[in-house]
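Before any comments, here is the structure.
The values are calculated or read from the model by the stated rules, or taken from the named source; none is laboratory data. None of these values were measured; they are calculated from a predicted model. Heads up, the Cβs are rebuilt from the backbone with ideal geometry, glycines too, and the neighbour counts pull from every protein chain shown.
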Amino acid sequence: MVEKRTRGGGPSAGIPKVLEMKGVTKTFGSVTANDDVSLVLHRGEILGLLGENGAGKSTLMKILYGLYKPDSGTIFVDGEEVQIRDPKDAVRRGIGMVHQHFTLIPPLTVAENIVLGAEPRKGGALDLNRAIKETEELSERYGLKVDPRARVADLSVGVQQRVEILKALYRDARILILDEPTAVLTPQETEDLYGTLEELVADGLSIILITHKLGELLGVSDNITIIRDGRVVDTVKTSETNEGALARLMVGREVLLRVEKGASEVGAPRLAAEGIVVLSSTGATAVHGVDVEVRAGEILGVAGVDGNGQVELAEALAGTRRVEEGRVYLDGEEVTGLGADERQEQGLAYVPEDRSHKGLVQDFSLWENNALKTYDEPPFSGRFGRIFPKIMRRRAAENLKAYDVRPSDPDARAGSLSGGNQQKAILARELSGDPKAIIAAQPTRGVDVGAIEFIHRQLLEQREEGKAILLISLELEEVRSLSDRIVVMYDGRIVGEVGPNATDEELGLLMAGRGSGVGGR
């Protein structure tokens with residue numbers, strides 16, 4: 001959780017409004033994404049925008065940034081009614097947006113990305129020296145340290161986000177929209193980001209912050225507007241609310257914010273690796289001789305700063321990445337030479353960390369995605385390669401309903417769902433096959449509090465049924481609350497094992513490679 005910084009408990013009535021949206025409505029066919037939505041943003045304010053996946057938050061902000069046109073409603077900037085037809089209009093009005101999925105061009109340098117579309121010129125060509133100088137000045141002014149000459153492809157996610165913010169500030173943004181800015185950040189990067197936001201509002205900027213993380217909103221915002229099912233249900237002062245109250249407003253019911261995990265009977269190893277070595281996509285060694293063992297009826301958590309081999313470890317165990325050295329076992333049988341399909345047939349389920357590109361085919365329907373791993377098995381297929389779409393659709397409808405996927409229409413395109421509902425659709429496919437072992441990588445990344453509660457409950461139910469679960473997460477509280485044991489990865493190695501009561505300090509030292517664990521294991 002981000003520590004609360006003293007900001008005065010919300011703007012007073014005397015502080016001017018820099019933005020007002022009144023009665024904004026937007027529909028997509030028969031679906032109403034925003035229904036008569038109104039909100040107000042004051043100068044020097046951080047306004048949290050909170051809601052479940054699919055509540056309409058991002059749609060509203062895309063209207064403000066000119067990516068969508070509203071069906072009705074008005075927008076006022078500095079008291080003047082404006083028409084925002086496209087992002088260029090928004091930029092001219094001093095509105096900038098940092099999207100959840102960055103829009104940077106990896107081969108270009110930081111400076112080239114920041115000035116792209118608004119390049120300083122000399123004799124008709126890009127004045128690169130001036131672009132570098134202006135980037136340095138902007139970086140220094142706002143405390144956003146970047147190397148203007150570095151290639152974006154070589155930067156960490158946290159630094160790329162700084163570049164996105166600087167790109168908006170270069171265009172004189174006075175209103176900054178941040179859509180799920182901490183979804184892929186480490187805890188330290190999150191702290192750094194929110195320190196930066198404090199400096200930005202002190203400089204006169206106003207910020208709209210979209211996030212599902214209640215603790216972070218309570219730590220950094222002045223006011224919070226809550227949207228449910230496309231409508232504003234309330235706007236509250238941050239200093240006068242708490243996580244429980246926000247969750248109730250957001251979901252419309254009581255939400256269990258703390259995991260209630262009972263005892264479980266631990267059995268024999270179900271998923272194991274001995275001395276595995278795995279390469280990254282660039283050919284570098286990402287996993288160095290790792291041993292790991294997950295037993296029936298337990299959740300083994302893997303903690304670590306992003307980029308320390310967790311993704312490669314998960315993919316090697318799942319069969320989607322080659323193991324260079326060592327062995328992988330499933331239920332006591334070696335499966336090192338088997339691919340993902342064969343491992344799935346032997347009882348392994350895999351929830352990948354990237355739901356958009358590795359978990360679902362975005363242009364496929366939900367029933368097609370649900371059948372990706374079983375389409376060639378009875379009762380979904382028969383002799384001579386025949387497949388039975390009606391049976392697939394019927395099974396998908398059952399799974400989608402059981403996992404509360406919204407909409408639960410099996411014919412809906414996967415790409416039309418919100419992130420949280422896409423995640424639940426993947427779980428519906430992976431867990432409905434009664435697996436023996438489950439690899440869950442970042443299972444709640446970017447999903448709302450109601451979906452997190454649901455996903456945690458599903459994982460704990462699988463644990464109680466005797467499944468072996470390997471949980472990889474950047475959320476330390478999630479790892480602690482769900483896991484029976486925790487191992488920490490650093491530089492592609494397991495450097496320590498601790499219990500679920502480990503402190504932030506203990507975990508943090510291990511994650512930084514400075515702990516006193518079982519290094520090199």
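Matching residues to (1) outside the structural domain of I455 (by TED's automatic domain parsing); (2) surrounded by 16 or more Cβ atoms within 10 Å (Cβ to Cβ); (3) within 18 Å of L482 (Cβ to Cβ):
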residue	(1), (2), (3)
S221	yes, yes, no
V277	no, yes, no
S280	no, no, no
V302	no, yes, yes
Boolean, L185 is closer than 22 Å to S58 by Cβ, in contact with a Ser or Thr (Cβ under 9 Å, 6 or more places away or on another chain), outside any helix (DSSP H, G or I) and in the same structural domain as G51 (by TED's automatic domain parsing): no
Test: residue in the range 355-363 that is outside the structural domain of V302 (by TED's automatic domain parsing), hydrophobic (A, V, I, L, M, F, W, C) and at pLDDT 90 or above: yes
In the range 116-138, the residues that are surrounded by 13 or more Cβ atoms within 10 Å (Cβ to Cβ) and modelled with pLDDT under 90: L126
Qualifying residues in the range 178-198 (those that are of a type in the set (D, E, K, R) and in contact with a strand residue (DSSP E or B) (Cβ under 9 Å, 6 or more places away or on another chain)) - the one modelled with the lowest pLDDT: E180
Residues of the range 238-247 satisfying the condition of being of a type outside the set (S, T, N, Q) and surrounded by 14 or more Cβ atoms within 10 Å (Cβ to Cβ): E243, A245, L246, A247
Output for the range 305-325, where each listed residue is under 30 Å from E506 (Cα atoms), not in a helix (DSSP H, G or I) and not polar (S, T, N, Q): V305, D306, G307, G309
Lone qualifier among L459, L470 - being touching a Pro at 6+ places or on another chain (Cβ under 8 Å) and within 24 Å of E315 (Cα to Cα): L459
Lone qualifier among V328, V302, V290, V255 - being under 30 Å from V449 (Cβ atoms), touching a helix residue (DSSP H, G or I) at 6+ places or on another chain (Cβ under 9 Å), part of a strand (DSSP E or B) and hydrophobic (A, V, I, L, M, F, W, C): V302
Filter pass, A318 being assigned by TED's automatic domain parsing to the domain that holds S473, surrounded by fewer than 20 Cβ atoms within 10 Å (Cβ to Cβ) and in contact with a helix residue (DSSP H, G or I) (Cβ under 7 Å, 6 or more places away or on another chain): no
Test: A268 is touching a strand residue (DSSP E or B) at 6+ places or on another chain (Cβ under 9 Å) and either surrounded by 15 or more Cβ atoms within 10 Å (Cβ to Cβ) or under 26 Å from T444 (Cβ atoms) (or both): no
Residue selected from the range 87-115 under the condition over 23 Å from the mean Cα position of the chain (by Cα) and closer than 17 Å to L19 by Cα, by the criterion surrounded by the most Cβ atoms within 10 Å (Cβ to Cβ): I95
Answer from V163, V201, V152, V157 - the residue that is of a type in the set (V, I, T) and at pLDDT below 85: V157
Residues satisfying the stated conditions in the range 410-431, i.e. crowded, with 17+ Cβ neighbours inside 10 Å, free of Cβ contacts under 8 Å to residues at least 60 places away in the same chain and more than 20 Å from the chain's Cα centre (by Cα): P410, A412
Helices (runs of 4 or more DSSP H) fully within the range 69-154 counting 3 or more residues that are free of Cβ contacts under 8 Å to residues at least 40 places away in the same chain: 87-92, 128-142
The range 228-243 residues that are of a type in the set (G, A, S), paired with ones that are crowded, with 16+ Cβ neighbours inside 10 Å and not in a loop (DSSP other than H, G, I, E, B) (beta carbon under 6 Å, 6 or more apart): G230/T32; G230/A33; G230/N34; G230/D35
Unique match (being within 22 Å of L482 (Cα to Cα) and free of Cβ contacts under 8 Å to residues at least 12 places away in the same chain) among E298, E315, E260: E260
